[in-house]
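Colleague: My questions will all concern the structure given below.
The numbers here are math on the coordinates, done by the rules we state, and not lab data. Owing to the predicted nature of the structure, the values given are computational and were not obtained by experimental measurement. Here the Cβ positions follow ideal geometry from the backbone for every residue, glycine too, while neighbour counts run over all protein chains shown.
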Amino acid sequence: MKHSLLIALVITTALQARFQEEAGEAPRRFVPPSEAPSIERVRIGLPAGRGGFNAGKSRNAVWTPVAITLKAGSHGVPANTYRLRVEAADSEELRYHYPVEVPAMEAGTEQTVQGYAAFGSDDTSCQVRLETTEGQWIQAKSQAARDPVGIVRDQDLLFLALGTSFSSLKRAAEKPEAADKAQGVDAESETGRRQFAFVEDVEAMPDRWFGYGGVDVVVLSTRDPQFVARLAQDSMSARRTALLDWVRRGGQLVLTIGSSRREVSRELLPRLPLVDAKVTGSETLKAFPALSLQWCKMGVQKAPLLNMEVTTLELGNGVHVLVREGDRPILLETSCGLGRVIVTAFDLEDPKFTNWDGQLSFWTKLQQEISPLVAPRGAKAVEGVRWGENEERDDLRDQLRANLEAFEEITPISFGWVALFIVLYIILVGPLDYFILKKVFKRLEWTWLTFPIAVVGASVLAYVAAYSVKGEELRTNKIDLIDIDLHQPQESKDPNQPEHRGNTHRSSQLYGHTWFTLFSPRMGAYTIGLHPAVDSWTDKVETGTLEPTFHLLETGVRPRTGAQGMFAKPFEFAFDASSVRDVPIPVWSTRSFGVSWRAPLPRKAWLDITDDGGTIRKAREGKGLVGKLTNRLAGVEWTGVCLFYRDRWYSLGSIAPGESRRLEPLFAADAQGQGKKIAEWFNDPTQPLAPGLPLNPTGRPINAKFEMGRNGYSLMKTLLFFRATEKPIRSNVGLRDLDQTWRAVSRPEFPPPINPRYRDEAILIARTRLLCDRAEAVSVHPASPSRLWLGAVPSESGERPTMPGILTQETYLRAFIPVAD
């Protein structure tokens, strides 16, 4: 028997190799387990500093690093031979895969690679599977559900320290909480906890920008010269690129430049251009009165900070001084793309600083300055959904998804109608059937025939009614927020960064945020990709550079539906999450996604800020701006145009294609209704950014009720300047990085200047007309900055498939405009 099985296996393998050879494929080779690498350890989340390798911090519903340690077999690991699949589940308990390449390894060595997963709920588990590139299963390692202590809640803030443990940072966070509890105030229940992760090894840093998705603030220490040198190596290019890209997309980072200033200046900053500043040397300051008495608000009775070495810096454009001792700036602030960088010109681990009585006050003030605003928990606290409760959450991300799930001509069926039809159905198949057969036909035995007829008839009637209400067409609601940074980005001298390969590092950048929901009229599996509208909105980018990043637009709470079937196939994200394949959507159901993408602006940008006198500049008397704005986006009208400058906002109305608008009248003494405070913008009676009547390029009729229900613009206003709402009534969990209030208001400076200081920058907000029509007509319309691919992905297909069904498109614009002197 054994010999027969062996012979059958040999014959089967030979025939398979023969068929593959005839088909032009390389024969698959069986890999013995002794030759394959093995999975040694798996850690979910960012290192937490305790509990060894397995301890990690993670959030729900955002991409989370999964560190996988591999050990090579006796024959080593050739390149392009194996791959890993990280498997997890979304909030509906549908399983998915994220692929990871296995690098070449020498025999007997260990190496840690980074995978990523987004967890749908607290109890979602993770499995890592090792297989050959041809699909042969090698090993699977299951990971138990994450430790609840390591899960960062919605209202919590996560600080990530790179290059050090920063124990003083954690102590500063714990001290106010302890004081609150001593006074009987439960700070955690109001605004959440401050949690911390620590990465002291460069290789443990995420190698993809979305690996920082759960982080609120990164603190990058450069005190250790070995850490700086390691981070600056060519082999760590992916780690540097990930960190820089995360900051440019809205991340917040604290950078220390102290004793390793030479290594930072010569090796790190040229490859990681976070700030436009040049290190010129160092100087020992005898005292720090501005830092001690004004920034930290310490009493004169406490010991001051004395005789500490600081780095001397030559500041470039856009760098604002927060604290200055004499003529030496020691605490700085600047923008990096959409992100915010605070620079300390001294080591935060210098013994003179760590032994100083005011260090905890310093950290507390710094955390208050750079931490995202967290709305207090109210009656609808973000705590998850208990059994039997509705899933309604008062968070901006969830409200955005709810808005996307409101489809034209599809009216939700209330529970009352459902209950009524259930009662009628029970009456039909029960008492009514019995009464008719007994009293009319007097043939109760016919129930074997009438019962299935009644069931089938009721089912057919229900399906016909549902199709008449919900329709038979695929429907898509899509929102694009386009951020453009007209500041020239700091040039990176790292040739390995993808933006260098695309030759885009000298161009102003466009950052796209796309959210969309698909309504499927039938059960199906969807393959989805996205690319920007090249030439009109963005410049061309080489294939493989600046790929979009997909994620599921979810809440991170318990599932809304039942678990996935036993034999259902998991859907798959592409490498780098640049697309998603075979996502199942049940009949008459929806699925929501988010996409983040970046591209250079065209050489002839569609927002022109020049006139005969140059770019937009300050007025001579110091009040207002001089210059003009021109809409060069062909065929697209801007509506609800507002300009934000120095704590105020100014309305420009609508700007037609090719039209220019001078800025001087906005600041004139007789200007009516201009120069209002930013807080008044959210509830202004003129309703800036309201959608108005939609455009329908093919002339398709629009449902009037649908027009009245579009309120996404009010959510978008809050997202753009969340901190400016002062007392937000909703929380902002997953979209905190969109808040750019800090760029529009006065900046703190110590010693305080005579007049408030502002960034030399104006912010333009606008939207395009709402589009609602046949999906393909809307996709190719000039007002659509990104185009969805259904059934194919851009990296595998040269031509985009025709978009089916109906598409509703909303587009919002935000431009950061440098202001010249």
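Colleague: To the nearest 0.05, how large is the calculated FRET efficiency for Asp670 and Glu621 if R₀ is 22 Å and r is the Cβ-Cβ distance?
Modeller: Given R0 = 22 Å and the Cβ-Cβ separation, E is 0.90.
Colleague: Quick one: which of Lys141/Lys540; Lys170/Lys478; Lys297/Lys727; Lys478/Lys623; Lys278/Lys727; Lys57/Lys297 span more than 31 angstrom between C-alpha atoms?
Modeller: Beyond 31 Å between Cα atoms: Lys141/Lys540; Lys170/Lys478; Lys478/Lys623; Lys278/Lys727; Lys57/Lys297.
Colleague: Provide Rg over Rh for the range 31-148; use the alpha carbon set for both Rg and the Kirkwood Rh (inverse mean inverse pair distance).
Modeller: 0.98
Colleague: Okay, moving on. On full extension of the chain, what length is gained from Trp448 through Thr741, given 0.36 nm per residue of separation minus the C-alpha to C-alpha distance?
Modeller: 98.5 nm
Colleague: Of the peptides 784-793, 151-160, 77-86, how do they stack up when ordered by the mean number of other Cβ atoms within 10 Å, highest first?
Modeller: Highest to lowest by the protection proxy: 151-160, 784-793, 77-86.
Colleague: Out of the range 613-703, which trypsin sites (Lys or Arg not before Pro) are coil in DSSP terms and have no more than 12 other C-beta atoms within 10 Å?
Modeller: Filter output for the range 613-703: Arg620, Lys623.
Colleague: Using a Förster radius of 35 Å, what is the FRET efficiency between Lys302 and Leu373 based on their Cβ-Cβ separation? Nearest 0.05, please.
Modeller: 0.75
Colleague: What whole-number volume per residue, in cubic angstrom, does the convex hull of the C-alpha atoms of the range 687-821 give?
Modeller: Residue-normalised Cα hull volume stands at 197 Å³.
Colleague: Next up: What full-extension length gain, to one decimal in nm, is calculated for Arg41 and Asp647 as 0.36 nm per residue of separation minus the Cα-Cα distance?
Modeller: 213.0 nm
Colleague: Taking amide H atoms as placed 1.01 Å from N in the peptide plane, list the residues 5 or more away in sequence, or in a different chain, whose amide H sits under 5 Å from that of Met308.
Modeller: Amide H neighbours of Met308, under 5 Å, 5+ apart: Leu285.
Colleague: Need one number: convex hull volume per residue for the range 735-812, Cα atoms only, in Å³.
Modeller: 160 Å³
Colleague: Sorted by packing (mean other beta-carbon atoms within 10 Å per residue), highest first, where do 97-109, 338-350 land?
Modeller: 338-350, 97-109
Colleague: Another question about this same structure. If I model a spin label at Asn711 and Arg757 as a point 7 Å from the Cα along the Cα→Cβ vector, what separation in nanometres do I get?
Modeller: Distance between label points: 4.2 nm.
Colleague: What whole-number value in cubic angstrom gives the convex hull volume per residue for the C-alpha atoms of the range 276-365?
Modeller: About 96 Å³ per residue, rounded to a whole number.
Colleague: Turning to a different aspect of this structure: Once both labels are modelled 7 Å past Cα along the beta-carbon direction, what's the Gln488-Val423 spacing in nm?
Modeller: With each label point 7 Å from Cα toward Cβ, the separation is 7.4 nm.
Colleague: Could you tell me the center-to-center distance, by alpha carbons, between the range 307-333 and the range 77-152 in angstrom?
Modeller: So the two Cα centres are separated by 45 Å.
Colleague: Length gain on complete extension for the stretch Asp327 to Leu693, per 0.36 nm per residue less the alpha carbon to alpha carbon distance?
Modeller: Gain in length upon complete extension: 126.2 nm.
Colleague: What base-10 log of the normalised intensity I(q)/I(0) is obtained for the range 152-370 from the Debye formula, alpha carbons as equal point scatterers, at q = 0.09, 0.13, 0.14 Å⁻¹?
Modeller: Values returned for q = 0.09, 0.13, 0.14 Å⁻¹ are -0.35, -0.75, -0.87.
Colleague: Can you give the FRET efficiency to the nearest 0.05 for Gln136 and Glu405, using r as the Cβ-Cβ distance and R₀ = 45 Å?
Modeller: For R0 = 45 Å, the calculated efficiency reads 0.65.
Colleague: Could you give the nm distance between label points at Asp394 and Ala525, where each point is 7 Å from its Cα heading toward the beta carbon?
Modeller: In this crude label model, Asp394 to Ala525 measures out at 4.2 nm.
Colleague: A follow-up question, please. How large is ³J(HN,Hα) for each residue in the range 572-587, as worked out from phi by the Karplus curve 6.51 cos²θ - 1.76 cosθ + 1.60 (θ = phi - 60°), to whole Hz, x for Gly and Pro?
Modeller: 10, 8, 6, 4, 6, 6, 6, 6, 9, 10, 6, 6, x, 10, x, 4
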